[in-house]
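The values are calculated or read from the model by the stated rules, or taken from the named source; none is laboratory data. Predicted model, so just to flag it, every value in this text is computed and none were measured. All Cβ positions, even for glycine, are placed from backbone atoms using ideal geometry, and neighbour counts span all protein chains on display.
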There are 2 protein chains.
Amino acid sequence: MMSDISMAYNTYGTLNEDKSNAILLCHALTGDQYAASRQPITGKDGWWSFMIGPGKILDTDRYFIVCSNILGGCMGTTGPLDIDPDTGKPYGLNLPMITIGDMVRAQALLQDYLEIPDWFAVMGGSMGGMQVLQWASAYPERCFSAVPIATAAKHSAQNIAFHEVGRQAVMADPDWQGGNYYESGRKPRAGLSVARMAAHVTYLSESALHRKFGRNLQDREDLTYGFDADFQVESYLRYQGINFVDRFDANSYLYITRAMDYFDLASDHGGSLAKAFAGTNTRFCVVSFSSDWLFPTSESKDVVRALNAAAANVSFVEIETDKGHDAFLLETPEMLTTIGGFLESTAKSRGIA
Amino acid sequence: MMSDISMAYNTYGTLNEDKSNAILLCHALTGDQYAASRQPITGKDGWWSFMIGPGKILDTDRYFIVCSNILGGCMGTTGPLDIDPDTGKPYGLNLPMITIGDMVRAQALLQDYLEIPDWFAVMGGSMGGMQVLQWASAYPERCFSAVPIATAAKHSAQNIAFHEVGRQAVMADPDWQGGNYYESGRKPRAGLSVARMAAHVTYLSESALHRKFGRNLQDREDLTYGFDADFQVESYLRYQGINFVDRFDANSYLYITRAMDYFDLASDHGGSLAKAFAGTNTRFCVVSFSSDWLFPTSESKDVVRALNAAAANVSFVEIETDKGHDAFLLETPEMLTTIGGFLESTAKSRGIA
C-alpha cells in the first residue's frame, strides 16, 4: 500500500477569478508534465508546445493549463523509482499496480489541491485520451468538456500484444535484475531501447515510414551488406531507442503499459460503454486520425456511439492524414482547427471571454 | 569466402521420365525443408502438410516436390552455425552476408545436382515468394510457372523496421556474445524469443487477434493486476517466443532477416521491375491476402503490373480472409482452389497427366 503520493505538475497561464478557465492536459505513455516547457533531460521543447502559448490554440492569455506527470511515471510524480518509505529503498515492483482510474484519481486530488471546482476541458491523446474518457466517466460533474484524441475505451488484443513484446524486452535484459536495478549502477538500457523501437514502429503509418524513409540509405551510396544501420529507418529507430532510455525509467514503462492494457471502461459498467457515460452533461470532441492503426478510427467511433446512446453532446472528427498515431504530437493543421473551433464555441457556452 | 556449401533438402513424390513434373518449394523466414514431414525438433507436421500428399493440391502421385533449407539457414544447409573449414569453428558472423539471390543460386546448384532441366513450378509464400520472384527473374528458362504468395518485390520501410527491432533484440542479449555463442554453452534465448514475439504480431491481422483472443483472460476469472500473462494473447506470444528458440539459430535469424531487407528486385534492373521480367515465358499465379498488412495486396499488384508490362502470362487473386499474413500457412480454402486450379491448367499446357 502507498501511504502518500507526490504529484509533479506544470501550469501555463492564469486561473481566472471564477475559476472557470482551467484545462487539464493528460499526457501519453512516454509524455510528461513538460507539455510546453523545455524538457529538463532532453532539453527539447514540450510535446505540445505548438498548441500552448499566447494566441495559440490553448491560449495562455485565456486559459489556465495544468499538466501533471501521471501516477507511476518517472518525472516527479510517485512511481517505481521513488523511495518506498516503508523500506527506505525504491519501490521497484513493490509499487502497487496502477490503473488509468488511479491516474485520474491522483489528478482529482491535484484538482482539489488547486481548488479548481471543475475543468473547462480535459484533453489528451493516446493514453492521455484514455484518461480523458476515464475523467468524463468517473467525474462528469468536474468536466465541462472533454477532448479524447487518437484513443479508445479499451486496449485491443494487438495493442496488448505489442506492449507485451516491449515488457518482455525489458525483462529479458539481465540489467533489469527483477526490477531492482536502481542501486546497482546498471539499468536495462538495451531492453528498454528495444521496447521503445518496437513501440515506435506502431506510432507511424506504413505510408509515413515509406514517405519519410522508404529504402533510403544512411549516409552511404551503396549497401554495406552487414548488420550496421544501412537504411535510414534503422538508424532512426536506433536513435529513438537509445535516446529514450536516458529520459525514462524501465519499471515505469512496465507499469504504464500495463495500465493501458488493463483499461476497459465498459467492463467497469457491466459491459456497456454507454452506461459509463450515463447522464453526462460534458461536451465531447472526439478526434481520430485516418492512418492511425494503433488506435484506429473504428475505436473512436465506438466511443462516439456510446456517447450518442448516452444522449451526450458530442462532435467527432476523423482527420485525414498519413502520419499515423503520432499525428496528435505533430502540428497537424486540421487537428488545430478542430480543437480550436471546439474550444471557441465551448468557451462561449461557458462565458469565458 | 565460402569454398563449399552443403544443401539439406526433402523430396516428395517421384520425378517422371521426362523430368517435367518437378516443383520447387521455397520456404519462409522461419520455415525449413520439412514442408510435409515431421519436423525433427518440434515433432510437428510440416508447414505445408495440408498442401502436399497423394490427392492433395501438390499431389505426390503426379508431382515431384523438392524443398531445401535456404542458404544461411540452420537445418542442414550451410549457415552461421556450421563449421568454417578455414578456422575449424562455427562461422558466426564470419559467414558472408547472404541475399535472396544467393539462396536462389544455391537452389539452382541443387537443381543441377538433381538433373532437373526446369521446374514445372516454383512456389512459396512470404520470403519464399521473394525467392520465387528472384527465380523467375534470374532463371526464367528454368521456371515453367511461378507462384509467389503473400510477398513483394522489395521489403518496405515498415518491414525493415520490424526486422531491425528483432535483430536489436537478439544483439542486446548478452548471451549473443557478438555472435560467438556456439561454444559457450549459452545462446541468446531471451533476445531471440522477443524477436519472434515482435515478428509474430505482424503475421496476424488485428481482426484475427481480436477474434482469436480479444481481451480474454488466461486460465483465470479476474485480472491479477501484475506482470504475469493475464491475457491469452500474452501467453500465446510467450509460447511462440519460447518454442522458437529451441528450433532456430539466432545468427540465422539475423542473416535471413537481413537478406529480406536487402531484397529489391527492381533496383537490380535499373529501378524497373518490368525489366526484371523482360521476355519471360513463365506463367505466373500471384496470390495475396486481404488482411495481410505485412505484405499488403498493393505490393502484389506492383508485381502484377510489372508482369503485365513485361507481357507475361499472369493471373492474380486477392483472397478475402481476416487471417493476415499467416494465411499462407493455414488451410485457407480459396488458396487451395486458386493454386489447385492454376496447377491443373498449367499441367495441361505442360502435358503432365
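What pairs come out if I take residues in region B:256-272 that are surrounded by 21 or more Cβ atoms within 10 Å (Cβ to Cβ) and pair them with residues that are assigned to a helix (DSSP H, G or I) and hydroxyl-bearing (Ser, Thr, Tyr) whose C-beta lies under 9 Å away, six or more apart or interchain?
Once the first residue is surrounded by 21 or more Cβ atoms within 10 Å (Cβ to Cβ) and sits in region B:256-272, its partners that are assigned to a helix (DSSP H, G or I) and hydroxyl-bearing (Ser, Thr, Tyr) give B:LEU265/B:SER137.
For A:ILE149, only one of the following conditions fails: (1) within 14 Å of another protein chain (Cβ to nearest Cβ); (2) within 29 Å of A:SER315 (Cα to Cα). What is its number?
Evaluating A:ILE149 over (1) within 14 Å of another protein chain (Cβ to nearest Cβ); (2) within 29 Å of A:SER315 (Cα to Cα) leaves (1) as the failure.
Within region A:206-237, how many residues are under 24 Å from B:GLY178 (Cα atoms), of a type in the set (S, T, N, Q) and in a helix (DSSP H, G or I)?
2
Residues B:SER207, B:SER193, B:SER184: which one is within 11 Å of chain A (Cβ to nearest Cβ), among the polar types (S, T, N, Q) and within 25 Å of A:SER193 (Cβ to Cβ)?
Exactly one residue qualifies, and that residue is B:SER193.
Any residue at all in region B:130-146 that is of a type in the set (Ser, Thr, Tyr), within 14 Å of another protein chain (Cβ to nearest Cβ) and either closer than 25 Å to B:ALA266 by Cβ or in contact (Cβ under 8 Å) with a residue 12 or more places away in the chain (or both)?
No, that holds for no residue.
What residue, among those in region B:301-337 that are of a type in the set (Ser, Thr, Tyr) and touching a strand residue (DSSP E or B) at 6+ places or on another chain (Cβ under 6 Å), is farthest from B:VAL201 (Cα to Cα)?
That would be B:SER315.
Would you confirm, using the coordinates I've provided, whether A:VAL170 is facing another protein chain (nearest Cβ under 9 Å), in contact (Cβ under 8 Å) with a residue 24 or more places away in the chain and β-branched (Val, Ile, Thr)?
No; evaluated as a whole, the condition is false for this residue.
Restricting to region B:306-353, what's the tally of residues that are in contact (Cβ under 8 Å) with a residue 12 or more places away in the chain and part of a helix (DSSP H, G or I)?
Matching residues across region B:306-353 total 21.
Can you find a residue that is in the same structural domain as A:MET123 (by TED's automatic domain parsing), in contact with a Ser or Thr (Cβ under 7 Å, 6 or more places away or on another chain) and hydrophobic (A, V, I, L, M, F, W, C) anywhere in region A:89-101?
no
Suppose we keep only residues that are assigned to a loop (DSSP other than H, G, I, E, B) and more than 30 Å from A:ALA172 (Cα to Cα) within region A:280-294. Which one would you say is farthest from the other protein chains (Cβ to nearest Cβ)?
Result: A:ASN281.
With the requirement that a residue be within 27 Å of A:GLY92 (Cβ to Cβ) and more than 7 Å from chain A (Cβ to nearest Cβ), what does region B:220-237 give you?
Answer for region B:220-237, where residues must be within 27 Å of A:GLY92 (Cβ to Cβ) and more than 7 Å from chain A (Cβ to nearest Cβ): B:ARG220, B:ASP222, B:THR224, B:ASP228, B:ALA229, B:ASP230, B:SER235.
Could you look through region A:105-159, keep only residues that are part of a loop (DSSP other than H, G, I, E, B) and polar (S, T, N, Q), and pick out the one that is surrounded by the most Cβ atoms within 10 Å (Cβ to Cβ)?
Ranking the qualifying residues of region A:105-159, first place goes to A:THR151.
Across region A:29-58, which residue is farthest from A:VAL245 (Cα to Cα) among those that are in contact with a strand residue (DSSP E or B) (Cβ under 6 Å, 6 or more places away or on another chain) and assigned to a loop (DSSP other than H, G, I, E, B)?
Residue satisfying both the conditions and the ranking: A:MET51.
In region A:238-279, which residue that is within 8 Å of another protein chain (Cβ to nearest Cβ), under 20 Å from the mean Cα position of the chain (by Cα) and in a helix (DSSP H, G or I) is nearest to B:ALA250 (Cα to Cα)?
A:GLY241
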